[in-house]
1. Kindly indicate which of Arg240, Arg244 is of a type in the set (D, E, K, R), over 30 Å from Asn143 (Cβ atoms) and touching a strand residue (DSSP E or B) at 6+ places or on another chain (Cβ under 8 Å).
2. What residue, of Gly202, Gly251, is on the phi > 0 side of the Ramachandran plot and modelled with pLDDT of 90 or more?
3. For segment 1-24, name all the residues that are among the hydrophobic types (A, V, I, L, M, F, W, C), without any contact (Cβ under 8 Å) to a residue 12 or more places away in the chain and assigned to a loop (DSSP other than H, G, I, E, B).
4. Wholly within segment 63-130, which helices (runs of 4 or more DSSP H) include no fewer than the required count, namely at least 3 residues that are at pLDDT 85 or above?
5. Could you look through segment 25-53, keep only residues that are in a loop (DSSP other than H, G, I, E, B) and among the polar types (S, T, N, Q), and pick out the one that is surrounded by the fewest Cβ atoms within 10 Å (Cβ to Cβ)?
6. So which residues in segment 1-18 are at pLDDT 95 or above and under 18 Å from the mean Cα position of the chain (by Cα)?
7. Within segment 214-230, can one find any residue that is surrounded by fewer than 17 Cβ atoms within 10 Å (Cβ to Cβ), assigned to a strand (DSSP E or B) and assigned by TED's automatic domain parsing to the domain that holds Gly58?
8. Which residues, counting only those in segment 28-65, are without any contact (Cβ under 8 Å) to a residue 60 or more places away in the chain and closer than 19 Å to Arg78 by Cα?
Amino acid sequence: MSLLKTTDVIKRFGGLTAVNKMNFVLEEGQIASIIGPNGAGKTTFFNTLTGIYKPEEGAIEFNGHSLVGLRPDQVAERGIARTFQNIRLFGSMTVIENILVGMHTQLKQRGTDALFRTKAFHKEEAEAEAKARELMDYVGLKNVGNELARNLPYGGQRRIEIARALAANPTLILLDEPTAGMNPNETEEAIKLFRRIRDEKGITVLLIEHDMRVVMNISERISVMDYGEKIAEGTPAQIRSNQRVIEAYLGREAAAAQA
């Protein structure tokens, strides 16, 4: 069953077409990747999916409902969470506080409950903190809840972002270069985490990733973008041998030399 579907999505910035007639289908329960050279339009495509950008043309459907025109918080409420290419944490807040930020769409108490510190407010606050600590442990960050986010190493900060995204209780999680800056051991652990997120939590996973070892290891389906367009799609084996993909990454002359 298709969870996410885009039809002829176009996003322009002035005279530049960053995403050009992007047709994409993501099946529920998949782990899929979008790859391509720098500037191919991958993150811009993510931004159209999550309401940061509104496409000039095309349709975006999630669970059969249109996302076009929705704000990022409205998209999150419908079950899509994401991380960012450039880490966006609140460095002066603790790890736990950063994860709690991801729960804002799930909290039920009104402003008056917070103002008067009602019993219901304290109960929900305690439950939210317990869930945040559980997610912190789940992504491999034990005993660092009271540390400032900026004090964690780069790989640890990436894990905070993933925990914050999971805190929104999503159906689909979009991970934008989630292993960037990680050492080989951290990358291997991240691959295991992505699989667990799908297998244990039932969350569909879509990655933008430059590390081909990660992409080929974990992806069930790969879409390739170049100059804003999808130029190939298929299994890891099909993508690995696709001449257009090789040319996009290596250039035509280098690709011809390999042939």
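The values are calculated or read from the model by the stated rules, or taken from the named source; none is laboratory data. Quick caveat, the model's predicted, so the values are computed rather than measured. Every residue, glycine among them, receives a Cβ derived from its backbone with ideal geometry; neighbour counts consider all protein chains shown.
1. Numbers: Arg240 fails: touching a strand residue (DSSP E or B) at 6+ places or on another chain (Cβ under 8 Å).
Arg244 is the lone residue from the list that is of a type in the set (D, E, K, R), over 30 Å from Asn143 (Cβ atoms) and touching a strand residue (DSSP E or B) at 6+ places or on another chain (Cβ under 8 Å).
2. Numbers: Gly251 fails: modelled with pLDDT of 90 or more.
Only one candidate passes the filter, namely Gly202.
3. The answer is none; no residue qualifies.
4. 72-77, 95-101
5. Top of the filtered list is Asn38.
6. Once the filter is applied, which keeps residues that are at pLDDT 95 or above and under 18 Å from the mean Cα position of the chain (by Cα), segment 1-18 yields Leu3, Leu4, Lys5, Thr6.
7. yes
8. Asn47, Thr48, Gly51, Ile52, Tyr53, Lys54, Pro55, Ala59, Ile60, Glu61, Gly64, His65 - these are the residues of segment 28-65 that are without any contact (Cβ under 8 Å) to a residue 60 or more places away in the chain and closer than 19 Å to Arg78 by Cα.
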